[in-house]
Amino acid sequence: MKFITRLSLVLAFAVGTSFAADSAAFQVKVTGHGQPMILIPGLACPGAVWDSTVAHFSDRYECHVITLAGFGGVPAHAATGPFLDRVREELAGYIGRLKLDHPIVVGHSLGGYLALDLAANHPGITGRLVIVDSLPFLMGIMRPGATAADAKQAAAGVATSFAQMNAESYAQMIRGGPNGSTMAASSADVDRIIAWGLASDPTVVGRAITELYSADLRPELPQIKVPTLVFAAWIGYAPYSNHQFAAQIYGDQYAGLKGARLEITDTARHFIMLDDPQWMFSKIEKFLATPESKTVSSTE
């Protein structure tokens with residue numbers, strides 16, 4: 001019986017399918033073979049945002065692609081309590097149940113926050129981290145010098161706004177939010193991002209972004225002991241940002257994460273994996289191939 005069960009798991013991994021270890025907080029699709037790699041999408045996005053990344057890495061890595069409940073058409077789950085904390089704890093439980101050996105964790109935007117939160121609160125269970133255009137303190141880029149109290153006040157305003165939304169106003173927000181100058185360069189990619197947002201549950205999106213606005217992981221970064229690669233994008237916010245500004249903001253926010261390596265793209269928008277996947281893949285491959293003792297904290 002144990003042999004049959006294990007064989008079923010192997011077959012599920014090989015063909016790439018949703019797996020029975022899905023939690024209430026997310027669904028998982030597993031593809032490929034090799035060292036485990038967990039990929040977490042950003043706000044209102046499904047795991048499909050990682051399709052090209054999985055296609056590139058699945059011949060060497062067993063890719064566990066997450067879609068959070070309520071995002072991108074996956075049904076929301078009725079649960080109380082903080083949403084992001086629940087996702088973090090269920091990710092830790094998923095790693096434990098499957099006995100994944102120090103999986104690499106890749107997260108984009110909100111997913112990057114979750115990767116950091118997981119590694120900080122469950123030290124020792126993850127391998128290296130790859131953080132794609134995400135900050136431990138989101139309010140810090142919108143309001144440099146903002147405090148935790150400022151963040152909580154802003155989050156309360158966001159919560160109020162979402163509570164007052166109906167289906168039409170939510171759709172207007174999604175359609176008016178991502179655009180070619182900030183999210184992605186390709187109009188087809190922007191259309192996909194908008195479609196994923198429209199397919200997401202407004203209540204879950206509101207809870208997630210409210211919690212993200214109020215969160216500040218900077219004090220917890222010293223608890224992360226694994227090598228970390230951080231990607232930053234700025235071109236979508238020109239002329240209000242530039243390479244130097246991104247280097248300063250990201251450098252300051254990640255100062256507490258010893259050995260974090262920052263790579264800044266001067267061409268890709270927020271969805272770096274869609275705009276310039278080959279650049280991102282080459283940086284990840286070099287990072288994963290570098291011995292831990294030789295990881296560095298500055299860009300080349």
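Coordinate-derived values only; no laboratory data. None of the values given here were measured: they were computed from a predicted structure. Quick reminder, even Gly has a Cβ in these numbers, built from the backbone with ideal geometry, and neighbours come from all protein chains shown.
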Could you put 276, 117 in order, starting from the residue whose Cβ has the fewest other Cβ atoms within 10 Å? 276, 117
Given a cut-off of under 8 Å on Cα pairs at least six residues apart, what relative contact order in percent is computed for the range 171-246? 33
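For the chain, what is the mean residue ellipticity at 222 nm derived from helices alone (per DSSP H run of n ≥ 4: -39500 (n - 2.57); sum divided by total residues; nearest 500 deg cm²/dmol)?
Numbers: 12 runs with 131 residues, N = 300.
Theoretical 222 nm ellipticity from helices: -13000 deg cm²/dmol.
Determine the equivalent ellipsoid of the range 18-290 by diagonalising the alpha-carbon gyration tensor, then write out the semi-axes as square roots of 5 times the eigenvalues, largest first, rounded to whole Å. Mind showing how you got there, number by number?
Working: eigenvalues 121, 99, 79 Å².
Computed over the range 18-290, the values are 25, 22, 20 Å.
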Tell me, what HN-Hα J-couplings in whole Hz come from the Karplus equation 6.51 cos²θ - 1.76 cosθ + 1.60 at θ = phi - 60° for each residue of the range 198-206, using x for Gly and Pro? 5, 7, 8, 7, x, 5, 5, 4, x
Quick one: Karplus J couplings for the range 130-144, per residue in order, coefficients 6.51, -1.76, 1.60, θ = phi - 60°, nearest Hz, x for Gly and Pro? 10, 10, 9, 6, 8, 10, x, 9, 4, 4, x, 8, 7, 9, x
Can you sort 200, 282 by how many other beta carbons sit within 10 Å, fewest first? 282, 200
Positive minus negative residues near residue 273 (Lys, Arg vs Asp, Glu; Cβ under 15 Å): -4
Sequence-distant or interchain residues sharing an amide H contact under 5 Å with residue 230, placed H: which? 131, 261, 262, 263
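Where nothing but the Cβ of Lys and Arg (+1) and of Asp and Glu (-1) is charged, how large is the charge dipole of the range 75-121 around its Cα centre, in debye to the nearest 20?
Working: 4 positive and 5 negative charges, 20 e Å.
So the magnitude is around 100 debye.
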With x for Gly and Pro, the residue-by-residue ³J(HN,Hα) of the range 64-75, computed from phi through the Karplus equation 6.51 cos²θ - 1.76 cosθ + 1.60 at θ = phi - 60° and given in whole Hz, is 9, 9, 8, 10, 5, 4, x, 9, x, x, 6, x
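What order do you get for 196, 50 when you list them from fewest to most C-beta neighbours inside 10 Å?
Details: 196 23, 50 27.
Ascending number of Cβ neighbours within 10 Å: 196, 50.
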Once normalised by the length of the chain, the mean sequence separation of its alpha carbon contacts under 8 Å that are 6 or more apart gives a contact order in percent of 18
Just to confirm my numbers, what's the Cα centroid distance between the range 101-169 and the range 45-59 in Å? 21
For residue 35, which sequence-distant residues (separation of 5 or more, or a different chain) have an amide H within less than 5 Å of its own amide H, given hydrogens modelled in the peptide plane? 62
Sorting 38, 198, 282 by the position of each Cα along the dipole of the chain (Lys, Arg +1; Asp, Glu -1; all at Cβ), the one nearest the positive end of that ordering is 38
Percent antiparallel among DSSP beta bridges with both residues in the chain, to the nearest 5? 30
Is the shape of the range 128-248 rounded, prolate or oblate, going by the alpha carbon gyration tensor and its root eigenvalues a ≥ b ≥ c, with a/c under 1.5 for rounded and a/b larger than b/c for prolate? oblate
